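Heads up: the structure comes next, in structure tokens.
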Amino acid sequence: HQSLEDVTAILSAIGINEVPKQPNTYPELNPVDIYRSHITEILAPIAGVDKEIVFRGLQWATTLDNGDLLIATPALRIKGKKPDELAKELASKFPESPLVEPPKADKNFLKFFFKPLPLANIVLPSIIRNASSYGFNRNIGLKDPSDPSKGRKRVIVEFSSPNIAKPFHAGHLRSTIIGGFLSNIYEGAGWDVIRMNYLGDWGKQYGVLALGFEKFGSEEALQANPIGHLYDVYVKINAIFREEGEKYTAMEEDIKAKEVKGEDASAEKQQLAKEKEAGGDEAARKYFKRMVDGDKEALGLWARFRDLSIERYKQTYARLNISYDVYSGESQVKDESMDKAAQIMADTKVSENSEGAVIVDLTRWNKKLGKAVVKKKDGTSLYLTRDIGEIFQRDEKFHFDKMIYVVASQQDLHLAQLFKIVEVIGHKDIADKCRHINFGMVKGMSTRKGTVKFLDDILRDVGDKMHEVMRVNDDKYKQVEDPVKTADTLGISAVMVQDMTGKRVNGYDFDMDRMCSFEGDTGPYLQYAHARLSSIIRKVSTEASPDQLIKADWTLLKEKHAVDLIRALAQWPDVFLNTLKTEEPITTLTYLFKMTHALSSSYDHLQVVGSAPELLKARMALYASARQVLSNGMRLLGLSPLDRM
Ligand code: ARG
């Protein structure tokens, strides 16, 4: 890691004896912090305002043409001066600086451009030394930044949360991708992150599944492919149940017809009751009741379904670089937790009885929240009831500072109801720590064989597709060591990047051809950019070893392409902070595409292979730094950067 002493040495060589360091800045981690503090320290006395006001007014520019940092003069809150005149006045008063060019006054803005030479000198060593942690800042998650011994803030990120024996649909896929990314940004900011999967693994349907398994299950098939097999069993048994249901409906209609005619239907009624009693639905209810009552045998079978499914999920999640700290689930919510919550709801008069069921009329607080059932007539819990119990269990067990539910927008109402109920029964403290991060729908996600069922199927299909795309270029294809594995990684990148393109709330069309293309802003394009950098570095690795790079002669990087690339690389720590703020993967993704575009237009101008030794070393350091930033960004998004393809 880069230390403050390293920065001191670099700056003193250009005549700055004390590292500019405003409160809450990290010059050893974020090069732009040095500039922000430097400009603040000069501008505040000139403008006659507090340093804090200047510091907070400094913004980053959206395009390099607008400078590296800029300030809108109205932000300085100086009365009685026109903003544009103030900009001119401040520009003229700004003294010569070793770090920044004389500022440009442009309408209400004062624009600062970093001087190229010192910039390379400050930024590239910071990247080389901080390496895989460049851009991240583990101080942010400290409970008290001035006293690390007080520990870190804790966040639970609940994401993916599929339902056992049911399809893993596009909503689960998006939750997985976005949740993985959110976990990574909080980790990069130094929070203590708990990745949690809240499985749909409880309810009468698991009684149905168990009955189905008795009828159609195979031990062998279960071991080989638990997720697929349980789904097949579930589909089969449901078909039978549906037939039964249709039969009951027909019988009910007969009874009604008889009664309308004034005929006696008591025999038929008795018959219907008898059939229902002996039917599958009732059997499933009874089976689930045994599970609820803790019957060892019933629970044993269910636990095996759950364990085997989790084992398989783990393998698939690993392909997406995700590993969970906790596999929770609806089954893990204890009766005590739900009973306790029910008691508080009743005591606080938040809940009321309604025709034998228990409901909460949330319209008292907000019309849109409607009425929610928290206990069915037969006394059983619901999805919402379990979420209420679970929230208190998590609070007790994990003492989180923040909890994020990554769930599709379809469940906006559900989560709003959940948070409101927790709040109005006297736990505003807990409700305030919870956030729903939602996202829009994916349309048209299907496998080649039909509609999608499982994550593995989607990943297999995109992998196959990428394999086809790779084969088009035969020469290159032959050089790839493990084409199947490479195609697999590329396919996963394709799916993930497509998902992260655009704001979370927007849905999108699942478009296999587009996402798998090497052209345009796609996952394969990012991978290509990374592999190309790796290839350049490989080619010259015998001429300059990595530990020599830090001693490169930065004055040799003076072409506009080199300077602009360094300016882009300097932005990464700020982009990371901004990503933490927006919690949108697109914030990082947009930056990575901009950076890789700058990179690809620089290759013709900044040759490495064949350059004179010192120049080669300097350019290699530049490209190695670019690769580091690209890799850090890709990993943050959950991608696995490829070195060859
Ligand atoms: N298993 C649910 C589903 O597939 C998602 C769970 C979301 N999380 C929660 N705490 N309710 O719809």
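The values are calculated or read from the model by the stated rules, or taken from the named source; none is laboratory data. Being a predicted model, the structure only gives us computed values, none of them experimental. For neighbour counting, all protein chains shown are included, and Cβ atoms are generated from backbone atoms with ideal geometry for every residue, glycine included.
Report yes if some residue within region 436-457 is aromatic (Phe, Trp, Tyr), at pLDDT 95 or above and surrounded by fewer than 18 Cβ atoms within 10 Å (Cβ to Cβ); otherwise report no.
Let us first name the residues in region 436-457 that are aromatic (Phe, Trp, Tyr), namely 439, 454.
If we keep only those that are at pLDDT 95 or above as well, we get 439.
Those still in the list that are surrounded by fewer than 18 Cβ atoms within 10 Å (Cβ to Cβ) too: none.
No, because not a single residue in region 436-457 is aromatic (Phe, Trp, Tyr), at pLDDT 95 or above and surrounded by fewer than 18 Cβ atoms within 10 Å (Cβ to Cβ).
Kindly evaluate residue 277 against the criterion of being among the acidic types (Asp, Glu), in the same structural domain as residue 309 (by TED's automatic domain parsing) and more than 20 Å from residue 204 (Cβ to Cβ). Even if it seems obvious, please write down each step before you answer.
On the way: among the acidic types (Asp, Glu): yes; in the same structural domain as residue 309 (by TED's automatic domain parsing): yes; more than 20 Å from residue 204 (Cβ to Cβ): no.
Taking the combined requirement at face value, the residue does not satisfy it.
Look through region 302-347, keep the residues that are more than 30 Å from residue 455 (Cβ to Cβ) and among the aliphatic types (A, V, I, L, M), and return whichever of them is surrounded by the fewest Cβ atoms within 10 Å (Cβ to Cβ).
Applying the filter and picking the extreme gives 346.
Residues are listed down the side, and each one gets a yes or a no for (1) within 16 Å of the ligand (Cβ to nearest atom); (2) closer than 19 Å to residue 424 by Cα:
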{"residue": "368", "(1), (2)": "no, yes"}
{"residue": "375", "(1), (2)": "no, yes"}
{"residue": "381", "(1), (2)": "yes, no"}
{"residue": "393", "(1), (2)": "yes, yes"}
{"residue": "400", "(1), (2)": "yes, no"}
{"residue": "403", "(1), (2)": "yes, yes"}
{"residue": "407", "(1), (2)": "yes, no"}
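Does residue 350 fit the bill of being β-branched (Val, Ile, Thr), under 17 Å from residue 416 (Cβ atoms) and crowded, with 19+ Cβ neighbours inside 10 Å? Steps first, answer last, please.
On the way: β-branched (Val, Ile, Thr): yes; under 17 Å from residue 416 (Cβ atoms): yes; crowded, with 19+ Cβ neighbours inside 10 Å: yes.
Yes; evaluated as a whole, the condition is true for this residue.
State the number of residues belonging to region 307-359 that are among the hydrophobic types (A, V, I, L, M, F, W, C) and not in a helix (DSSP H, G or I). Give the steps one after another, and end with the answer.
Initial filter on region 307-359 (among the hydrophobic types (A, V, I, L, M, F, W, C)): 308, 310, 318, 320, 322, 326, 333, 338, 341-342, 344-346, 350, 357-359.
If we keep only those that are not in a helix (DSSP H, G or I) too, we end up with 320, 322, 326, 333, 350, 357-359.
Qualifying residue count for the region: 8.
Select, from 14, 53, 39, 46, the only residue that is within 30 Å of residue 597 (Cβ to Cβ) and among the β-branched types (Val, Ile, Thr). Quick ask: steps written out before the conclusion?
Values: 14 fails: within 30 Å of residue 597 (Cβ to Cβ); 53 fails: within 30 Å of residue 597 (Cβ to Cβ); 46 fails: within 30 Å of residue 597 (Cβ to Cβ).
Only one candidate passes the filter, namely 39.
Could you check region 458-504 and list, in sequence order, the residues that are of a type in the set (Val, Ile, Thr), within 21 Å of residue 318 (Cα to Cα) and touching a Phe, Trp or Tyr at 6+ places or on another chain (Cβ under 9 Å)? So that I can check it myself, show each step before the final result.
Initially, region 458-504 is screened for residues of a type in the set (Val, Ile, Thr), giving 458, 462, 469, 472, 480, 484, 486, 489, 492, 495, 497, 501.
From what is left, the residues that are within 21 Å of residue 318 (Cα to Cα) are 458, 462, 484, 486, 489, 492, 495, 497.
Residues satisfying the conditions are 458, 495, 497.
Name the residue that is nearest to the ligand (Cβ to nearest atom), counting only residues in region 409-444 that are basic (Lys, Arg) and closer than 30 Å to residue 510 by Cβ. Please lay out each step first, then the result.
Within region 409-444, the first condition is being basic (Lys, Arg), and the residues that meet it are 420, 428, 433, 435, 443.
With the extra rule that they be closer than 30 Å to residue 510 by Cβ, the set shrinks to 435, 443.
On the way: 435: 12, 443: 18 Å.
Filtering first and then ranking leaves 435.
Taking the conditions exactly as written (modelled with pLDDT under 95 and under 25 Å from the mean Cα position of the chain (by Cα)), does residue 481 satisfy them or not? Let's see the steps before the verdict.
Details: modelled with pLDDT under 95: yes; under 25 Å from the mean Cα position of the chain (by Cα): no.
Judged against the criteria, residue 481 is not a match.
Out of everything in region 187-222 that is away from the ligand (no atom under 16 Å from the Cβ) and charged (D, E, K, R), what residue ends up being nearest to residue 322 (Cα to Cα)?
Going through region 187-222, the residues away from the ligand (no atom under 16 Å from the Cβ) turn out to be 187-193, 207-208, 210-222.
Then keep just the ones that are charged (D, E, K, R); that gives 187, 192, 214-215, 219-220.
Values: 187: 13, 192: 16, 214: 34, 215: 35, 219: 29, 220: 28 Å.
Out of the qualifying residues, it is 187.
Report yes if some residue within region 570-577 is of a type in the set (Gly, Ala, Ser) and farther than 21 Å from residue 136 by Cβ; otherwise report no. Walk me through it before giving the result.
Pass one, region 570-577, residues of a type in the set (Gly, Ala, Ser): 570.
The next check asks that each one be farther than 21 Å from residue 136 by Cβ; those that pass are none.
No, because not a single residue in region 570-577 is of a type in the set (Gly, Ala, Ser) and farther than 21 Å from residue 136 by Cβ.
Pull up region 148-185, narrow it to residues that are within 11 Å of the ligand (Cβ to nearest atom) and either assigned by TED's automatic domain parsing to the domain that holds residue 318 or assigned to a helix (DSSP H, G or I) (or both), then point me to the one that is surrounded by the most Cβ atoms within 10 Å (Cβ to Cβ).
To start, the set of residues in region 148-185 that are within 11 Å of the ligand (Cβ to nearest atom) comprises 156, 158-164, 166-169, 171-172, 175, 179.
Then keep just the ones that are either assigned by TED's automatic domain parsing to the domain that holds residue 318 or assigned to a helix (DSSP H, G or I) (or both); that gives 171-172, 175, 179.
Working: 171: 21, 172: 21, 175: 24, 179: 26.
Step by step, filter region 148-185, then rank; the result is 179.
With the requirement that a residue be among the charged types (D, E, K, R) and either in a helix (DSSP H, G or I) or surrounded by 17 or more Cβ atoms within 10 Å (Cβ to Cβ) (or both), what does region 602-631 give you? Break it down stepwise before answering.
Filtering region 602-631 for residues among the charged types (D, E, K, R) gives 604, 614, 617, 619, 627.
Listed by number, the residues that qualify are 614, 617, 619, 627.
Can you tell me how many residues within region 293-306 are more than 33 Å from the chain's Cα centre (by Cα) and either charged (D, E, K, R) or part of a helix (DSSP H, G or I) (or both)? Walk me through how you get there before you give the answer.
So the first thing to find is which residues in region 293-306 are more than 33 Å from the chain's Cα centre (by Cα), and the list is 293-301.
Filter again for either charged (D, E, K, R) or part of a helix (DSSP H, G or I) (or both), leaving 293, 295-301.
Qualifying residue count for the region: 8.
Quick check on my filter: what residues within region 566-611 are among the aliphatic types (A, V, I, L, M) and either under 25 Å from residue 500 (Cα atoms) or within 21 Å of the chain's Cα centre (by Cα) (or both)? Spell out the reasoning first.
Taking region 566-611 first, the residues among the aliphatic types (A, V, I, L, M) are 566, 568-570, 575, 577, 580, 586, 589, 592, 595, 598-599, 606, 608-609.
Result: 568, 569, 570, 575, 577, 580, 586, 589, 592, 595, 598, 599.
For region 258-270, check the following and say yes or no: at least one residue is of a type in the set (Asp, Glu), assigned by TED's automatic domain parsing to the domain that holds residue 328 and under 19 Å from residue 202 (Cβ atoms).
Filtering region 258-270 down to residues of a type in the set (Asp, Glu) leaves 259, 263-264, 268.
Next, only the ones that are assigned by TED's automatic domain parsing to the domain that holds residue 328 stay: 259, 263-264, 268.
Cutting the leftovers down to under 19 Å from residue 202 (Cβ atoms) gives us none.
No: region 258-270 contains no residue that is of a type in the set (Asp, Glu), assigned by TED's automatic domain parsing to the domain that holds residue 328 and under 19 Å from residue 202 (Cβ atoms).
One residue is enough: does region 527-539 have a residue meeting the conditions closer than 30 Å to residue 438 by Cβ and at pLDDT 95 or above?
In the first step, residues of region 527-539 are kept if they are closer than 30 Å to residue 438 by Cβ; the result is 527.
Pick out the ones that are also at pLDDT 95 or above and you get 527.
Checked against the condition, which is being closer than 30 Å to residue 438 by Cβ and at pLDDT 95 or above, region 527-539 yields at least one hit.
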